[in-house]
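The values are calculated or read from the model by the stated rules, or taken from the named source; none is laboratory data. Everything numeric here is computed off the predicted structure, so don't read it as measured data. Methodologically, a virtual Cβ is constructed for each residue, glycine included, from the backbone with ideal geometry; neighbour enumeration extends over all protein chains shown.
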Amino acid sequence: MKDIIETLRAGQGQSFINLSAGNPVILPEVEQLWRDCTADLLNSAEYGEVVCRYGSSQGYEPFIEAVLSDFNQRYGLTLTERNILVTPGSQSLYFFAANAFGGYTADGQLRDIVLPLSPDYTGYGGVSLYPEALRAYKPALDIDAAAHSFKYRPDFSQLEITDRTGFVLFSRPCNPTGNVLTDDEVHRIADLAAPQNVPVFVDSAYAPPYPALNFTEMTPIFRKNMVHCLSLSKAGLPGERIGIALGDESIIQVLQSFQTNLCIHSSRYGQAIAARAIASGALATLAETVIRPYYRNKFAVLEESLDQFMPTTAPWYLHRGEGAIFAWLWFDQLPATDRELYQQLKQYGVIVVPGDPFFPGLQEDWQHTRQCIRISLTATDAEIAQGIQHLATVVTALYQQQPATTAAVAMSS
């Protein structure tokens, strides 16, 4: 990301097609919601209490009430204020968990942080003060060669959760791939963790009810050993850093104690305006009627562009678009690394994200990790189409340089 930022700054006179962005698009309806909620807060007697005072480390009370009421009603739960913690973004949640449940114990034993499905969010690579604690598992690949499509699935023949495991972490929907683990897969992971009393953290930054960036049917799963972790970033508030943990009281208490020592509490201003959007039902409605359709349409534009421009004979595969704001492309037997492909695309004025940083904790050297790129769905339709056209030019040239025997192996794999 540092190189991408420097490239964009250095090329201010050059028009780049930026297919790397993680910032959500500022959608007019969503921005207006936050403007309206802000105006309501400014005109209320509550304003001074919100911004001029410290508050509880757990979170701002009206926001907690709004979230609990919504989730209990929506999903038939019985959550109380003991089951929730508000943090400065969901990334901080995983830092708290990594250093409270993972890493070295007082007697020097290393507790692993298990990522059951690789690739996953690159930010997980930096959550622990002890990088060696991170352990990811190579996935099984479900490939539809005729459709140039594939999907990662957990390899339960390899996955291990033992008494040496500190906690388990995965995103659903997944950044970077858009993968949504099935209900059965989530329950199987939780079942492996339960006998060891190992917490399972589900990063739900793209999940329903907000921002509801799932393109396939899915329902959040709540179990005693699971922590459901939300973020309001992709619901239009990335600048306010609001993360929400919902889970068992014993786990929440540990996280809250960690937060109390680190930063006291999250922004109360962001929580105050979000409380209004959630309690009114407006945020959930916009998530389903505006945010989700916008990005689902962008994925359709990407699919159409790939079908139109990419060489049909080359072994490229698009991960099934099941959610999030990214697409994930795999180039089997790519005659270059993902970073070399990234550099070549920059020469065409196109910026993507190389895939190898999204395999944190993977112990083995796997060539696949250097054959993938992430593409953002935040660009315009025209930019996506033109970016894919340039990508097709570069990829076609690379595979044409490949010996015929290697290319044949790639297509049959």
What is the one condition in (1) over 17 Å from Pro131 (Cβ atoms); (2) assigned to a loop (DSSP other than H, G, I, E, B) that Asp120 does not satisfy? (1)
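Within the stretch 333-354, how many residues turn out to be part of a loop (DSSP other than H, G, I, E, B) and more than 24 Å from the chain's Cα centre (by Cα)?
7
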In the stretch 152-167, which residues are buried (at least 20 other Cβ atoms within 10 Å of the Cβ) and either within 24 Å of Ala212 (Cβ to Cβ) or modelled with pLDDT under 95 (or both)? Tyr152, Pro154
With the first residue restricted to the stretch 311-322 and required to be closer than 16 Å to Ile388 by Cα, and the second required to be at pLDDT below 95, Cβ contacts under 6 Å at 6 or more apart or on different chains are Pro315/Ala410; Pro315/Met411
Only one of Leu286, Leu246 that is touching a helix residue (DSSP H, G or I) at 6+ places or on another chain (Cβ under 7 Å) and under 20 Å from Pro28 (Cα atoms): Leu286
Can you tell me which residues in the stretch 355-384 are surrounded by fewer than 22 Cβ atoms within 10 Å (Cβ to Cβ) and outside any loop (DSSP other than H, G, I, E, B)? Asp356, Pro357, Leu362, Gln367, His368, Thr369, Arg370, Asp381, Ala382, Glu383
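Given the residues Asp120, Asp112, which is the only one that is of a type in the set (Asp, Glu), buried (at least 18 other Cβ atoms within 10 Å of the Cβ) and over 15 Å from the mean Cα position of the chain (by Cα)?
Working: Asp120 fails: over 15 Å from the mean Cα position of the chain (by Cα).
Among Asp120, Asp112, only Asp112 is of a type in the set (Asp, Glu), buried (at least 18 other Cβ atoms within 10 Å of the Cβ) and over 15 Å from the mean Cα position of the chain (by Cα).
For the stretch 169-183, check the following and say yes or no: at least one residue is of a type in the set (S, T, N, Q), in a strand (DSSP E or B) and crowded, with 23+ Cβ neighbours inside 10 Å.
Yes: one or more hits.
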Evaluate the following for Leu213: is it assigned by TED's automatic domain parsing to the domain that holds Leu117, within 30 Å of Ile373 (Cα to Cα), in contact (Cβ under 8 Å) with a residue 60 or more places away in the chain and in contact with a Gly (Cβ under 7 Å, 6 or more places away or on another chain)? yes
Could you tell me whether the stretch 347-354 includes any residue that is touching a strand residue (DSSP E or B) at 6+ places or on another chain (Cβ under 9 Å), touching a residue at least 40 places away in the same chain (Cβ under 8 Å) and over 30 Å from Leu141 (Cβ atoms)? yes
Of those in the stretch 1-55 that are more than 23 Å from Lys234 (Cβ to Cβ) and among the β-branched types (Val, Ile, Thr), the residue surrounded by the fewest Cβ atoms within 10 Å (Cβ to Cβ) is Val51
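Does Gly102 satisfy the condition of being farther than 22 Å from Gln253 by Cβ and of a type outside the set (A, V, I, L, M)?
Judged against the criteria, Gly102 is not a match.
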Failed condition for Arg296, given (1) touching a helix residue (DSSP H, G or I) at 6+ places or on another chain (Cβ under 9 Å); (2) surrounded by fewer than 18 Cβ atoms within 10 Å (Cβ to Cβ); (3) not β-branched (Val, Ile, Thr): (1)
With Ala66, Ala21, Ala45, Ala97 as the choices, which residue is in contact with a strand residue (DSSP E or B) (Cβ under 9 Å, 6 or more places away or on another chain) and either in a helix (DSSP H, G or I) or modelled with pLDDT of 95 or more (or both)? Ala97
